[in-house]
Amino acid sequence: MQAINFTTVNVFHAVNRNSKVLSGSTTGQLRTKNSMIRTGPDSNFGFHLRSGHIPQALRNAGAGNVFSSPARSRSIKAQASDGDVTPVKTLSKSTGSVLPYVGVASLGAILFGYHLGVVNGALEYLAKDLGIADNAVLQGWIVSTLLAGATVGSFTGGSLADQFGRTKTFLLDAIPLTVGAFLCATATNVQTMIIGRLLAGIGIGISSAIVPLYISEISPTEIRGTLGSINQLFICIGILAALVAGLPLAANPLWWRTMFGISVIPSILLALGMAFSPESPRWLVQQRKISQAEKAIKTLYGEGKVAEVMADLSASGQGSEEQDAGWFDLFSGRYFKVVSVGAALFLFQQLAGINAVVYYSTSVFRTAGVASDVAASALVGAANVFGTMIASSLMDKKGRKSLLMTSFSGMAISMLLLSLSFTWKVLAPYSGPLAVIGTVLYVLSFSLGAGPVPALLLPEIFASRIRAKAVALSLGMHWISNFVIGLYFLSVVTKFGISKVYLGFASICLLAVMYIASNVVETKGRSLEDIERELNPAI
């Protein structure tokens, strides 16, 4: 069985452990257990909007007083004796609906998973049809060209999203996705197939960057975690769809062409859906397109939220003097720490061995008596979907950081179990079942946090002016590490043995737990603007 990638397309926060968010009227007094803290224009505990930064439409709507209205109170940070940072919920509720637009964007995630998984069942048949059944090198190129294209696409997606906006980037993304799928489905030689795979790779690389970015920017704070994790869930569904699409291959060897051609349909639907979807209000405000931003907010959240959301966007500094950041700005002292966290999360995600487990799962399952490659793939894929569904329900309850730590801890234990099942003589009689249990537990643990959280967390922790490019850079690290692992994994296993390799993966998982505990901030229940003000203060 060829490799199936379950990753996506998910912070650093120097939290003052003595800080606490206190609720109350922002123009009056904030009460702590033992003291009263007064806020005002010059208070370090409050913040205000400069009148020059509030659009006239907002003044007419009363946005100038949005922070003085108890019904629209925002999160205020104050110093208390102890406690963690927790959000103060806004009282106004959304009356619009973001779900249809999240659904449209998720078509990009489905295509992501489908193109990753479709070649696994189809490779043997397309190799015979194209006359390369005995050429492992060319078959390898057909598989790996997708990853090379995805690397290019992930870096390109950030610049496109900054320049043209999120929805127009989706429209552009549909072009390589559609053309690539068509070329693969109609290829009569290996060169055309490789070009098709390259274009499809560029398409899913762009999708890996803009799907979580767009969903994060349009989602209400209170359900942003749940909606953000949908990205990973639909990637898993795309992979399973590719596995199901391969079932008729045994009876019809030419079915592989239909398998590639099917993906043209969601590509076209993605373009049509995005043509009617609202642009990210955050991007519009940053581009000073105030009236369009207000219209988008009305569509997404309802008319009653326009003044509140616009004031929050203005308060965070978006749409002010700062323009979109360049690539070199990501490495400046202001942003380097938070950007390095994004890259580190994806490196840990890949170096923890998810693809290696999948590479070796067929052999492990055969040892346990499961001879069917399809059955092995389906079991692993089903475990991933099940775990991601659980993660979606917990994301806004337990938080991102706790799920990450639980996930990597479970992965470390599972890897240790896998390693011991190959080496401990006392476990030899049970090595097959233990290996299967370890593999399924590992994938379940991965899907609870390490899989969905990085793609969700990254758009949350990056400032608006660097968000698109920083997400693209982090995902570029994901694709590069993915490619390197796929290239050298078998060589490393041959040299050191699978048991030692799995033990190494367990060690990396433990390092990830310690790293996350020290550097990742909890973003549950906090608006993107609140997070930006703390992690990326204007200087």
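The values are calculated or read from the model by the stated rules, or taken from the named source; none is laboratory data. Keep in mind it's a predicted model, so treat the numbers as computed, not measured. Please note: Cβ atoms are built from the backbone with ideal geometry, for glycine as well, and neighbour counts cover all protein chains shown. Side chains are part of the model used for accessible areas, which takes the heavy atoms of the whole protein and leaves out ligands, DNA and RNA. Shrake-Rupley method; radii C 1.70, N 1.55, O 1.52, S 1.80 Å.
Tabulated results
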read-out	value
Subset of segment 227-280 [surrounded by fewer than 18 Cβ atoms within 10 Å (Cβ to Cβ) and within 22 Å of the chain's Cα centre (by Cα)]	LEU269
Boolean, MET405 is open to solvent by less than 10 Å² (accessible area, probe 1.4 Å), modelled with pLDDT of 80 or more and not β-branched (Val, Ile, Thr)	no
Test result for SER447, under 30 Å from GLU217 (Cα atoms), assigned to a helix (DSSP H, G or I) and touching a Gly at 6+ places or on another chain (Cβ under 9 Å)	yes
Hits in segment 479-524 (condition: of a type in the set (Val, Ile, Thr) and surrounded by 15 or more Cβ atoms within 10 Å (Cβ to Cβ))	ILE480, ILE485, VAL492, VAL493, ILE498, VAL501, ILE508, VAL513, ILE516, VAL520, VAL521, THR523
Segment 209-220: number of residues that are out of contact with any Lys or Arg (no Cβ under 7 Å at 6 or more places or on another chain) and surrounded by 23 or more Cβ atoms within 10 Å (Cβ to Cβ)	6
Residue match in segment 333-340 (condition: more than 24 Å from the chain's Cα centre (by Cα), surrounded by fewer than 21 Cβ atoms within 10 Å (Cβ to Cβ) and either modelled with pLDDT under 80 or of a type in the set (Lys, Arg) (or both))	yes
Output for segment 239-281, where each listed residue is modelled with pLDDT under 90 and in a helix (DSSP H, G or I)	ILE239, LEU240, ALA241, ALA242, LEU243, VAL244, ALA245, LEU247, PRO248, LEU249, ALA250
Segment 161-182 residues that are open to solvent by less than 70 Å² (accessible area, probe 1.4 Å) and among the acidic types (Asp, Glu), paired with ones that are at pLDDT below 95 and not in a helix (DSSP H, G or I) (beta carbon under 9 Å, 6 or more apart)	ASP162/ASP324; ASP162/ALA325; ASP162/ARG465
Residue among THR156, THR169 that is of a type in the set (Val, Ile, Thr), within 18 Å of the chain's Cα centre (by Cα) and at pLDDT 95 or above	THR169
Which listed residue, of GLY108, GLY103, GLY149, is among the small types (Gly, Ala, Ser), over 25 Å from SER481 (Cα atoms), modelled with pLDDT of 90 or more and part of a helix (DSSP H, G or I)	GLY103
Residue identified as small (Gly, Ala, Ser), open to solvent by less than 10 Å² (accessible area, probe 1.4 Å), part of a helix (DSSP H, G or I) and closer than 28 Å to LEU457 by Cβ among GLY196, GLY201	GLY201
